[in-house]
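One structure is given here, and the rest of the page talks about it.
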Amino acid sequence: MIIKEVLIRKMSMTMKSPFSTSFGTLEVKEFLLLEVTDELGNTGWGESTAFQSPWYNEETLETNLHMIRDFLIPLVLDRKFTHPDEVNELFAPIRKNNMAKATIEGAIWDLYAKRNKLTLSEALGGTAEKIEVGISIGIQKTPEDLIEVVRKSLEEGYKRIKVKIKPGLDIDIIRALRTAFPDVPLMADANSAYTLADIDLLKQLDAFNLMMIEQPLASDDIVDHAKLQKELKTPICLDESILSLEDTRKAFELGSTKIINIKISRVGGLTEAKKIHDFCMAHGIPVWCGGMLESGIGRAHNVALTTLPNFLLPGDTSSSSRYWEEDIITPEVIAEDGYITVPKAYGIGYEPNLEAMDRYTVAKFHFKS
Ligand code: OSB
Ligand code: MG
């Protein structure tokens with residue numbers, strides 16, 4: 001396949017329920033979508049998960065636009081690929097900027113799958129026909145509000161509940177949740193809000209039978225996480241710290257993590273995500289698929305990846321309707337009783353809804369060979 005055209009759309013979509021973390025609240029999501037077209041007119045879609053500001057990692061929508069336009073598109077335009085794994089190699093000399101790389105790499109995976117009459121899941125080697133999903137709940141105004149949101153999420157059937165914690169909003173919140181829901185699969189995500197100085201506080205979490213604690217310490221740390229894990233019964237799951245297969249190997253060797261949250265964008269694309277999956281499977285580390293408040297295009301990629309066999313724990317891919325009044329794909333992603341049925345159509349398996357997409361598009365950038 002030869003990439004002949006790339007279209008980038010800058011999107012702006014208002015979130016039905018704003019998402020709050022220790023960094024702030026997101027209400028309007030601006031992000032990039034990218035469409036590639038080959039010499040036969042086949043297309044493939046990718047989504048950039050970079051936010052407007054660099055709080056989750058160092059990338060932003062604008063740095064992604066810059067990287068994609070000025071460095072990545074020139075590498076792929078008019079180039080012939082036989083397999084999307086070649087994109088990962090082609091981008092390797094460019095340091096980091098993983099979300100920018102994943103945007104275009106994901107679109108080429110979709111294109112490849114469609115061109116070869118495969119679902120993206122099949123192209124990746126996935127087998128599951130439905131995937132089990134949980135929900136990630138942002139910081140709420142009061143503990144009562146949080147309990148109410150958890151109750152509703154459980155009613156909707158989500159298979160595990162993840163809540164955000166930060167200093168001052170941790171032990172009491174988790175205790176209140178455990179009292180209200182003694183047996184629910186529950187986990188906490190700290191988004192790097194603690195340091196080793198908080199070890200006594202973090203050890204108190206062991207009393208609540210959490211499935212795991214996600215990324216308690218610094219985003220670029222794997223040494224202190226290893227020290228912490230030695231003192232904690234609760235398994236640590238790394239998110240922000242894992243950018244590659246190499247990071248995974250090192251964290252495993254040090255004992256910094258017992259579970260890994262794989263986000264396609266954070267690791268630079270599906271090829272790297274699959275490598276991390278395979279390494280973890282060989283070493284007995286269960287993985288699950290994280291989320292970045294994606295629109296339907298990103299959600300579809302997450303669904304496909306989650307069909308690989310070592311995705312043993314429910315991920316964060318909730319229904320489109322959790323965040324969007326109207327998603328930009330048809331059908332929308334629907335989690336029913338905590339399961340998403342993997343679509344059977346080729347590629348990502350959901351059709352872009354161009355009419356809806358146009359309404360949320362604020363700028364277009366077109367590149368042709
Ligand atoms: O740490 O997993 C995270 C959202 C934005 C940035 C980081 C994270 C999250 C979530 C929500 O937890 C996942 C989702 O529902 O898409
Ligand atoms: Mg996280």
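The values are calculated or read from the model by the stated rules, or taken from the named source; none is laboratory data. Please read these numbers as outputs of a predicted model, since none were measured by experiment. We place every Cβ from the backbone using ideal geometry, glycine too, and count neighbours over all the protein chains shown.
The table for this structure:
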item	result
Top-ranked residue in segment 92-111 [being more than 20 Å from the chain's Cα centre (by Cα) and not aliphatic (A, V, I, L, M); ranked as farthest from Lys263 (Cα to Cα)]	Pro93
Selection within segment 73-103 - aliphatic (A, V, I, L, M) and crowded, with 24+ Cβ neighbours inside 10 Å	Val87, Met99, Ala100, Ala102
In segment 180-201, residue farthest from Ile137 (Cα to Cα) [restricted to those that are within 11 Å of ligand 1 (Cβ to nearest atom) and of a type outside the set (A, V, I, L, M, F, W, C)]	Ser192
Which numbered condition Thr317 misses (of (1) closer than 27 Å to Thr60 by Cα; (2) β-branched (Val, Ile, Thr); (3) surrounded by fewer than 20 Cβ atoms within 10 Å (Cβ to Cβ))	(3)
Qualifying residue in segment 8-31 (condition: surrounded by 15 or more Cβ atoms within 10 Å (Cβ to Cβ), of a type in the set (Lys, Arg) and not in a strand (DSSP E or B))	no
Residue that is nearest to Lys227 (Cα to Cα) [pool: residues in segment 249-287 that are of a type in the set (A, V, I, L, M, F, W, C), crowded, with 22+ Cβ neighbours inside 10 Å and touching a residue at least 40 places away in the same chain (Cβ under 8 Å)]	Ile262
Residue within segment 322-334 that is more than 20 Å from the chain's Cα centre (by Cα), part of a strand (DSSP E or B) and more than 16 Å from ligand 2 (Cβ to nearest atom) present	yes
Identity of the residue in segment 112-133, under 20 Å from the mean Cα position of the chain (by Cα) and hydrophobic (A, V, I, L, M, F, W, C), that ends up nearest to Gly157 (Cα to Cα)	Val133
Enumeration of residues in segment 239-288 that are of a type outside the set (Val, Ile, Thr), under 25 Å from Trp45 (Cα atoms) and within 16 Å of ligand 1 (Cβ to nearest atom)	Asp239, Glu240, Leu243, Asn261, Lys263, Ser265, Arg266, Ala273, Trp288
Subset of segment 229-250 [more than 16 Å from ligand 2 (Cβ to nearest atom) and touching a Phe, Trp or Tyr at 6+ places or on another chain (Cβ under 9 Å)]	Leu245, Arg249
Every residue from segment 202-216 that is within 16 Å of ligand 1 (Cβ to nearest atom), assigned to a loop (DSSP other than H, G, I, E, B) and under 18 Å from Ala176 (Cβ atoms)	Leu210, Met211
Selected residue [surrounded by fewer than 21 Cβ atoms within 10 Å (Cβ to Cβ), closer than 25 Å to Gly338 by Cβ and either assigned by TED's automatic domain parsing to the domain that holds Ser319 or touching a strand residue (DSSP E or B) at 6+ places or on another chain (Cβ under 6 Å) (or both)] from Ile199, Ile174, Ile147	Ile147
Where a residue in segment 13-28 is not assigned by TED's automatic domain parsing to the domain that holds Gly296 and its partner, wherever it lies, is β-branched (Val, Ile, Thr) and surrounded by 14 or more Cβ atoms within 10 Å (Cβ to Cβ), with Cβ under 6 Å and at least six apart	Ser20/Ile139
Index of the failed condition, Lys141 passing every other in (1) modelled with pLDDT under 95; (2) charged (D, E, K, R); (3) within 27 Å of His277 (Cα to Cα)	(3)
Selection within segment 315-326 - more than 12 Å from ligand 1 (Cβ to nearest atom) and either polar (S, T, N, Q) or touching an Asp or Glu at 6+ places or on another chain (Cβ under 9 Å) (or both)	Ser321, Glu326
